[in-house]
Amino acid sequence: MEVDIEFLRTHRPLARPIPQQAVLNLAKFGQWAGAATPRRVEGFKTFEYPVIFATNHTHVLDFLPLWIEVLKAGQQMVGWVKARMYKQRLNRVLMRTIGSNIPLVSKGYLIAADFRRLMGCPPTSDEYRHLRDHIDYCHRLPAGRPYERIQSTPRDMLGRKFDPKQSSYREAMVDLFFEMMKVCLDHARTCSEQGYHMHIYPEGAVSKRMGPGHTGIIHAALALNLPIVPVGISGTREAFAGNTPLTWGGEFRLRFGERFDVNRSLVSEGFRPFHPDDQIQCDEAFQEVTDRLMQRLNELLDEDYKCRSGYQVDGPRGVKRFY
């Protein structure tokens, strides 16, 4: 099951209190039933206005210590969750029931999902790289069956009609991504207007050592007019028993950094957040700001969680990161 435009439009991101509390109670029970795993928190404070909490992503459940801390303080938060997490039926039902989440589509996800619908399998790493470079930088696609079929086959492209006689594959994919991200941002505005914080993983992939950040968080901060608060999370790899909420000791260490503001002078009037053509124009400046944010975040981590030279990460690579 893919995340398409209709799924996004009908998604309700606000929290449903009873199922949300049930999940938190389950997480607390896991820490009690396994082994005592305290949270050591530094620099946390409540905010009278919504912020974006930017954290490193070390474990599939590393959001739990942060969320427990924020909700314990009487504040609400919504997480931007990769679209691939909604592909499995049980996950999809649970997350739609609980709320507090916004499906986050990426260009990579849309390319891979459309490719699979058409070809019956996800793209290989090389196929994905050619398609991505075509979308991002207008590189010419190679000759060959998958690329010719991708460009010439009329179809429903995740809720958007693609007619190659009326637009190119790149134009259709750019429009699809921009339209879906506008829906994501509309959901985020609805939540922030009601006082919800945002939780975003700038790396976009799980790795014990912090990896490079992507510029999407800067687009989000500008689109929502929200400051960013970096939060370093350490200890999760040692605390959780595999990919379960059970813990076997250790300690969760959360360090909250100072507010990080994104200067609006980075962009000109008429800037369209997440529009690929606008991304090309501002990518260098956005990446520089993202790198400064990631450096702040890196300083909040334990030594064995900090990034290494060359960003040596141990998480999924290629298409597996988002599909």
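The values are calculated or read from the model by the stated rules, or taken from the named source; none is laboratory data. Fair warning: this is a prediction, and the values are worked out from it, not measured in the lab. Cβ atoms come from the backbone with ideal geometry, glycine included; neighbour counts cover every protein chain shown.
Things to note:
- Which listed residue, of K165, K161, K182, is in a helix (DSSP H, G or I) and either more than 25 Å from the chain's Cα centre (by Cα) or at pLDDT 95 or above (or both): K182
- When R116 is tested against the conditions (1) within 27 Å of Y201 (Cβ to Cβ); (2) touching a helix residue (DSSP H, G or I) at 6+ places or on another chain (Cβ under 9 Å), the lone failure is (2).
- The number of residues in segment 119-157 being among the aliphatic types (A, V, I, L, M), more than 25 Å from the chain's Cα centre (by Cα) and more than 21 Å from R321 (Cβ to Cβ) comes to 2.
- Residue within segment 27-42 that is under 29 Å from N225 (Cα atoms) and out of contact with any Ser or Thr (no Cβ under 7 Å at 6 or more places or on another chain) present: yes
- Hey, D136 part of a helix (DSSP H, G or I), of a type outside the set (F, W, Y) and out of contact with any Asp or Glu (no Cβ under 8 Å at 6 or more places or on another chain) or not: yes
- Residue match in segment 65-87 (condition: of a type outside the set (K, R), more than 20 Å from the chain's Cα centre (by Cα), farther than 30 Å from K161 by Cα and not in a loop (DSSP other than H, G, I, E, B)): yes
- Of all residues in segment 208-240, those satisfying the criterion of being among the aliphatic types (A, V, I, L, M), under 24 Å from E69 (Cα atoms) and surrounded by 21 or more Cβ atoms within 10 Å (Cβ to Cβ) are M210, I217, A220, A221, I228, V229, V231, I233, A239.
- So G216, is it under 30 Å from Q75 (Cβ atoms) and under 19 Å from the mean Cα position of the chain (by Cα): yes
- Residue pairs meeting the criteria (Cβ under 8 Å; at least 6 apart or on separate chains; first more than 21 Å from H130 (Cα to Cα), in segment 144-167; second modelled with pLDDT of 95 or more and of a type in the set (G, A, S)): R160/A172
- Screening D261 against (1) surrounded by fewer than 19 Cβ atoms within 10 Å (Cβ to Cβ); (2) over 23 Å from F274 (Cα atoms); (3) in contact with a strand residue (DSSP E or B) (Cβ under 9 Å, 6 or more places away or on another chain) leaves a single unmet condition, (2).
- Residue pairs meeting the criteria (Cβ under 8 Å; at least 6 apart or on separate chains; first at pLDDT 95 or above, in segment 225-244; second assigned to a strand (DSSP E or B) and among the polar types (S, T, N, Q)): P230/T55; V231/T55; G232/T55; I233/T55
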